[in-house]
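Below is one structure; the comments refer to it alone.
The values are calculated or read from the model by the stated rules, or taken from the named source; none is laboratory data. What you see is a predicted model, and the numbers here were worked out from it, not measured in a lab. Heads up, the Cβs are rebuilt from the backbone with ideal geometry, glycines too, and the neighbour counts pull from every protein chain shown. What goes into the accessible areas is simple: the full protein's heavy atoms, side chains included, and nothing from ligands, DNA or RNA. Shrake-Rupley method; radii C 1.70, N 1.55, O 1.52, S 1.80 Å.
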Amino acid sequence: MKRVKLPQPISGGLLLSYKCTAECRHCMYACSPKWKGDWITQKDLEEALSQLGGAIRPSPWGDQKVSLNYGLHFTGGEPFLNFELLLKAVEIADELKIPSTFVETNCYWCSNDEVTRERLHLLRQTGLKGVLISVNPFYAEYVPFERTNRCIRISKEVFGENVMVYQLEYYHRFKQLGIKQRISLEDYLELTRREDLTEKAELFLMGRAGYQLKEFYPPYPAPIFFNEPCRPAFLRNWHNHFDNYGNVLPGYCGGISLGHWQDLDRLIREGIDLEEHPLLGFLVAEDVQGLYHFAKDFGYQESGEGYLSKCHLCLHLRKYLLSKKDFEELNPREFYVHVE
Ligand code: SF4
Ligand code: SF4
């Protein structure tokens, strides 16, 4: 296969920046306060939203409702770190009539009711349809749970049904345990059971998770993952991401660029040149075995510690390859600096 056409995206997330107040152990995009914080410019914001806007599909319940895999969301990093920019993004999206828009937040900014209510109201008045609030023990290491709780309560006042709590299982667990402040993962696991982490809710072992959660998940040798498909599929039309550097990221795969969203029409019509981007050739075919042998040709040695998942192996291989050659499809570069 020499070229592959990008499916027309029908939903996804726009990363305003990778900068975040937290440095969660499971972060797919390796976000943290250490990133340069190159926020998307207003010009790029206008261009990206115009490129994406026309094809974004509304929630099955209508364009005023929100659903995780429909519409467009504003994310990061932590988008509330640059509230003016977030408001601008919402305003442009509203002018373009992009349906089912929502913002994803870790709630760090919800220090009191007034600020929380004021910001959420402003977003609602500017055209935002809903909010996605992140809850799990990794966020709780950085964000006092009382702020998360406040954000959920006031978001429901402002956005009604259009509030998604990801993940609800953890929200109930935190309430039940009476947690109010930050809590370390180790202390949380003392209060609960170790299985709370591994069984309670969905967790993709990708991005930083492969490096930071080694003590909680069993490692396997590389060949175990050779014939495993990517889950969800590598190339798909829903829930892709578009970042502040112009990268089109497949699904949740941090550090992989399918091209520039300025070229989106061409990538959809003519496809991606896989000869110019050899790593994408393996990734599109979901062939981690091929990628492994390709990396071996560059001198890669299988890790004696094993890998937690196919995505961990994939990232380990990409990180190594990037240390050997400047592959354009491995972007943004800073992801690889902050991922461990
Ligand atoms: S998971 Fe979210 S809150 Fe945590 S570091 Fe990543 S972007 Fe920030
Ligand atoms: S194996 Fe690689 S390409 Fe496939 S989903 Fe995981 S990170 Fe993405």
Please determine whether any residue of segment 15-31 is within 16 Å of ligand 2 (Cβ to nearest atom) and among the hydroxyl-bearing types (Ser, Thr, Tyr).
yes
Failed criterion for MET28 (all others in (1) in contact with an Asp or Glu (Cβ under 8 Å, 6 or more places away or on another chain); (2) within 16 Å of ligand 1 (Cβ to nearest atom); (3) touching a residue at least 40 places away in the same chain (Cβ under 8 Å); (4) farther than 18 Å from PHE159 by Cβ hold)
(1)
When segment 1-41 is checked residue by residue, the ones that are open to solvent by 20 Å² or more (accessible area, probe 1.4 Å), within 23 Å of VAL131 (Cβ to Cβ) and outside any loop (DSSP other than H, G, I, E, B) are LYS19
How many of the residues in segment 88-144 are among the β-branched types (Val, Ile, Thr) and over 28 Å from TYR170 (Cα atoms)?
4
Those residues of segment 289-328 which are touching a Leu at 6+ places or on another chain (Cβ under 6 Å), among the aliphatic types (A, V, I, L, M) and away from ligand 2 (no atom under 11 Å from the Cβ), in sequence order
ALA295, LEU308, LEU322
Could you grab me the full set of residues in segment 42-61 that are of a type in the set (S, T, N, Q) and open to solvent by less than 20 Å² (accessible area, probe 1.4 Å)?
SER59
So which of ASN227, ASN240 is more than 16 Å from ligand 1 (Cβ to nearest atom), in contact (Cβ under 8 Å) with a residue 24 or more places away in the chain and over 22 Å from CYS24 (Cα atoms)?
ASN227
Take the residues in segment 65-100 that are crowded, with 17+ Cβ neighbours inside 10 Å and among the polar types (S, T, N, Q), then tell me which one is nearest to ligand 1 (Cβ to nearest atom).
THR75
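For residues in segment 103-126 being in a loop (DSSP other than H, G, I, E, B) and buried (at least 17 other Cβ atoms within 10 Å of the Cβ), which is farthest from ligand 2 (Cβ to nearest atom)?
Here is the first cut: in segment 103-126, the ones in a loop (DSSP other than H, G, I, E, B) are 106-112.
Those still in the list that are buried (at least 17 other Cβ atoms within 10 Å of the Cβ) too: 106-110.
Values: ASN106: 22, CYS107: 27, TYR108: 27, TRP109: 30, CYS110: 32 Å.
The residue in question is CYS110.
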Hey, PRO218 of a type outside the set (A, V, I, L, M), closer than 17 Å to GLY255 by Cα, at pLDDT below 95 and open to solvent by 20 Å² or more (accessible area, probe 1.4 Å) or not
no
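For (1) more than 16 Å from ligand 1 (Cβ to nearest atom); (2) open to solvent by 40 Å² or more (accessible area, probe 1.4 Å); (3) among the hydroxyl-bearing types (Ser, Thr, Tyr); (4) at pLDDT below 95, each residue gets a yes or a no:
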residue	(1), (2), (3), (4)
VAL248	yes, no, no, no
SER257	yes, no, yes, no
GLY281	yes, no, no, no
GLN289	yes, yes, no, no
GLN301	yes, yes, no, no
GLY306	yes, no, no, no
SER309	yes, no, yes, no
HIS316	yes, yes, no, no
TYR336	no, no, yes, no
Quick check on my filter: what residues within segment 175-215 are farther than 25 Å from PHE335 by Cβ, modelled with pLDDT under 90 and within 23 Å of the chain's Cα centre (by Cα)?
ASP196, THR198, GLU199, LYS200
